[in-house]
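Only one structure is covered here, and it is reproduced in the block below.
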Amino acid sequence: MAAPPVIAVVGPTGSGKSDLAVSLALELDGEVINADAMQFYRGMDIGTAKITMAERRGVPHHLLDILDVTQEASVSDFQQQARDVIDDIHARGRRAILAGGSGLYVRAALDVLEFPGTDPALRARLEADHAQLGTQALLARLQAVDPVSAGRVSDARRIIRALEVQELTGRPFSSFMPRREYYRPATQVGLGVDREVLRERLAVRVHRMVDAGLLDEVRLLDARGLRRGKTASRALGYSQFLRVLDGTSTIEDAAEETIVATRQFARRQLTWFRADPRIAWLDWHDPELVSKATALCI
């Protein structure tokens, strides 16, 4: 018997993805897989609005709290981990439900998507070339071997990565671009939002995080090496509140900066997910949301 489609609940931050995923799991005998990159980190609870044990309502959750803040999140690692968990859930006759707003991570789990490897020595050589020759020289080098990627990238980090992949694999970096082709059958449910309501909701959310002890959480994580983490240290709220600890910002200013950054992030998420025609969108405030979402996933 073929496994049922994987379910993915997607949408912008603050739209209620975690709650809907739990409700679907209860309706469909499912288990939830986290697809929010910042919720991989142990101790990053308040600032990521990580779902609590009470909010999980007994539903098993996977790929939460799997990294220390000093470790770097990897999309390719997540792809394998998520697919292994999906296989395990389906082997036990249950439904696998992805929930999260990290668009590339969702795509990695659901779609045909290759991740070329890395070579530290090659990367170091290219970075040295960049330091000596500059961005434009490396962009010209990329233009010669991969004009498609050269037309898409402009910052040094991505140019170096594209050159690394081309030299390492013999294939242009552009050939690894994702296709909208499911790796296995899937159903994506998107939470459509009223943007003005979401703007206000995100502001309230950040202030609640501050009241709940976000600064203390950042202080504790700072002692665990938060600043050394390439991924965790850039998380919304955490980078802003590290400056409060440094005495270069106030709590009030850090909160406002976090609100602005979170709203910008939500807009980028909506742009990303709206570009995928396979997502079935539902109104996040529809009183029949759970039943309509369930009907899409049966």
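The values are calculated or read from the model by the stated rules, or taken from the named source; none is laboratory data. Treat the numbers as computed from the prediction; the structure is a model and nothing was measured. For neighbour counting, all protein chains shown are included, and Cβ atoms are generated from backbone atoms with ideal geometry for every residue, glycine included.
Grab the helices (runs of 4 or more DSSP H) fully contained in region 123-179, keeping just those with 2 or more residues being of a type in the set (Gly, Ala, Ser) and in contact with a Phe, Trp or Tyr (Cβ under 8 Å, 6 or more places away or on another chain).
Per the criteria, no element qualifies.
Here's the yes/no breakdown for (1) outside any loop (DSSP other than H, G, I, E, B); (2) crowded, with 19+ Cβ neighbours inside 10 Å; (3) not assigned by TED's automatic domain parsing to the domain that holds ARG205:
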position: THR13; (1), (2), (3): no, yes, yes
position: ALA25; (1), (2), (3): yes, yes, yes
position: ILE33; (1), (2), (3): yes, yes, yes
position: THR48; (1), (2), (3): no, yes, yes
position: ASP84; (1), (2), (3): yes, no, yes
position: ILE97; (1), (2), (3): yes, yes, yes
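Out of (1) of a type in the set (A, V, I, L, M); (2) in the same structural domain as THR262 (by TED's automatic domain parsing); (3) more than 30 Å from LEU122 (Cα to Cα); (4) surrounded by 14 or more Cβ atoms within 10 Å (Cβ to Cβ), the odd one out for ALA235 is which?
Of the numbered conditions (1) of a type in the set (A, V, I, L, M); (2) in the same structural domain as THR262 (by TED's automatic domain parsing); (3) more than 30 Å from LEU122 (Cα to Cα); (4) surrounded by 14 or more Cβ atoms within 10 Å (Cβ to Cβ), the odd one out for ALA235 is (3).
Go through the residues of region 198-212 one by one and say whether even a single one is farther than 27 Å from ALA25 by Cα, surrounded by fewer than 16 Cβ atoms within 10 Å (Cβ to Cβ) and either assigned by TED's automatic domain parsing to the domain that holds VAL22 or touching a Gly at 6+ places or on another chain (Cβ under 7 Å) (or both).
Within region 198-212, not a single residue is farther than 27 Å from ALA25 by Cα, surrounded by fewer than 16 Cβ atoms within 10 Å (Cβ to Cβ) and either assigned by TED's automatic domain parsing to the domain that holds VAL22 or touching a Gly at 6+ places or on another chain (Cβ under 7 Å) (or both).
Can you tell me which residues in region 99-122 are part of a helix (DSSP H, G or I), of a type in the set (A, V, I, L, M, F, W, C), under 17 Å from the mean Cα position of the chain (by Cα) and surrounded by fewer than 21 Cβ atoms within 10 Å (Cβ to Cβ)?
Of everything in region 99-122, just one residue is part of a helix (DSSP H, G or I), of a type in the set (A, V, I, L, M, F, W, C), under 17 Å from the mean Cα position of the chain (by Cα) and surrounded by fewer than 21 Cβ atoms within 10 Å (Cβ to Cβ), namely LEU104.
For ALA156, state whether it is within 20 Å of ALA131 (Cα to Cα), of a type outside the set (D, E, K, R), touching a residue at least 24 places away in the same chain (Cβ under 8 Å) and not assigned by TED's automatic domain parsing to the domain that holds THR13.
Answer is yes for this residue.
Does region 92-100 contain any residue that is out of contact with any strand residue (DSSP E or B) (no Cβ under 8 Å at 6 or more places or on another chain) and farther than 25 Å from ARG268 by Cβ?
yes
Restricting to region 61-74, name every residue that is buried (at least 16 other Cβ atoms within 10 Å of the Cβ) and either touching a helix residue (DSSP H, G or I) at 6+ places or on another chain (Cβ under 7 Å) or charged (D, E, K, R) (or both).
Scanning region 61-74 gives HIS62, LEU63, LEU64, ILE66, LEU67, ASP68, VAL69, THR70, ALA73.
For region 264-281: of the residues being surrounded by fewer than 19 Cβ atoms within 10 Å (Cβ to Cβ) and touching a Leu at 6+ places or on another chain (Cβ under 8 Å), which is nearest to ARG180 (Cα to Cα)?
ALA280
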